[in-house]
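The values are calculated or read from the model by the stated rules, or taken from the named source; none is laboratory data. Keep in mind that this is a model prediction, so the values were computed, not measured. Heads up, the Cβs are rebuilt from the backbone with ideal geometry, glycines too, and the neighbour counts pull from every protein chain shown.
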Amino acid sequence: MTEPTLLQTPAAREMDPRAREFRGGRFALSDLYRALTQAGGGGVIEGRTFVDCVIDGPALVLVLDGTTFDGVDFGPCDGDVRGMLFRSLNGTMAVGSIPVRDCTFRNCRFHNLGFTGNETLLQTLADQVRPD
Amino acid sequence: MTDKTQAAFSPDEAYGRELVARTAFEKEAVWLPLLAVHHWNAGEMAIRGKTFTDCVIEGPAVMAVMTGTTFDGCAMGTTSDMNNLLYKPQGQKLAGVVGVADCKFVRCRFVQVGFTGSDELLEDLRGVQSLSQTEPQA
């Protein structure tokens with residue numbers, strides 16, 4: 001049985017969404033985003049560093065400038081990384097996605113996250129993310 | 001005879017199971033990521049067979065619109081251009097999105113929700129009026 005995904009776990013409830021660094025632990029990206037917006041932190045997850053975190057979906061990450069992935073496990077994709085990539089038909093608004101700018105993800109594991117962004121980003125992920 | 005397994009559920013788990021079992025939602029705010037997670041934890045990989053009437057459906061989330069799902073008199077988003085809400089998948093297996101099949105959305109308002117699906121579905125949704133003419137009920 002797969003490990004259940006939980007939103008608003010006790011640990012997640014204790015997170016400070018305004019923290020600049022998140023080290024270890026497991027949380028849902030939509031939880032963090034919602035907590036951040038409710039705390040008045042704006043509509044973009046910006047300038048954060050995530051190390052050794054397990055980050056759950058469901059969520060579509062809008063990858064903006066300055067965001068990097070180092071040693072990240074993007075999660076199972078049945079041998080085709082394109083399964084986690086989506087192209088916005090408009091390319092500018094990307095409603096429903098979670099914008100992430102100038103963030104660093106290091107040695108994190110993603111579970112059920114999709115990704116969107118500009119053409120360069122989509123091609124980079126398609127080329128560089130290793131399928132399972 | 002009491003259901004001994006019920007006693008083992010945490011309040012969160014019991015709430016989640018109750019949500020999964022429901023087939024109708026009316027005049028409620030529904031947080032789509034949470035609804036999806038409760039379904040996955042119950043072993044159901046898509047939200048299926050439910051009717052949402054006069055609800056606010058909240059993201060952030062992208063809905064994979066699957067067979068049988070319909071939208072009737074809904075406000076799909078605060079934009080006049082449906083393209084702002086739509087995503088074309090680049091592969092076959094869709095990660096990160098919320099699958100919704102055989103569901104009906106009636107006079108619902110979608111907030112921070114995008115949509116994806118087949119090329120045919122995207123073409124159909126492009127022609128939908130994104131802003132409802134009626135005031136939201138929820």
task = Report the residue count in the range B:86-123 for those that are assigned to a strand (DSSP E or B), aliphatic (A, V, I, L, M), in contact with a helix residue (DSSP H, G or I) (Cβ under 8 Å, 6 or more places away or on another chain) and more than 18 Å from B:GLY68 (Cβ to Cβ).
result = 2
inquiry  = As an exercise: evaluate B:GLY43 against (1) part of a strand (DSSP E or B); (2) among the small types (Gly, Ala, Ser); (3) more than 15 Å from A:LEU89 (Cα to Cα) and give the number of the one condition it does not meet.
reply    = (1)
remark   = By residue number, the members of the range A:72-93 that are at pLDDT 90 or above, more than 14 Å from the chain's Cα centre (by Cα) and in a loop (DSSP other than H, G, I, E, B) are A:LEU89
query = Do we have A:LEU125 as within 23 Å of B:ASP81 (Cβ to Cβ) and surrounded by 15 or more Cβ atoms within 10 Å (Cβ to Cβ) here?
reply = no
request  = Take the range A:45-71 and flag every residue that is more than 8 Å from every other protein chain (Cβ to nearest Cβ), of a type outside the set (D, E, K, R) and either part of a strand (DSSP E or B) or closer than 11 Å to A:LEU113 by Cβ (or both).
outcome  = A:ILE45, A:THR49, A:PHE50, A:VAL51, A:VAL54, A:ILE55, A:LEU62, A:VAL63, A:THR68, A:PHE69
ask   = From the list B:THR69, B:THR78, B:THR51, B:THR23, which residue is among the hydroxyl-bearing types (Ser, Thr, Tyr), crowded, with 21+ Cβ neighbours inside 10 Å and more than 8 Å from chain A (Cβ to nearest Cβ)?
value = B:THR69
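In the range A:100-111, what residues are part of a strand (DSSP E or B) and either closer than 19 Å to B:LYS88 by Cβ or more than 14 Å from chain B (Cβ to nearest Cβ) (or both)?
A:ARG101, A:THR104, A:PHE105, A:ARG106
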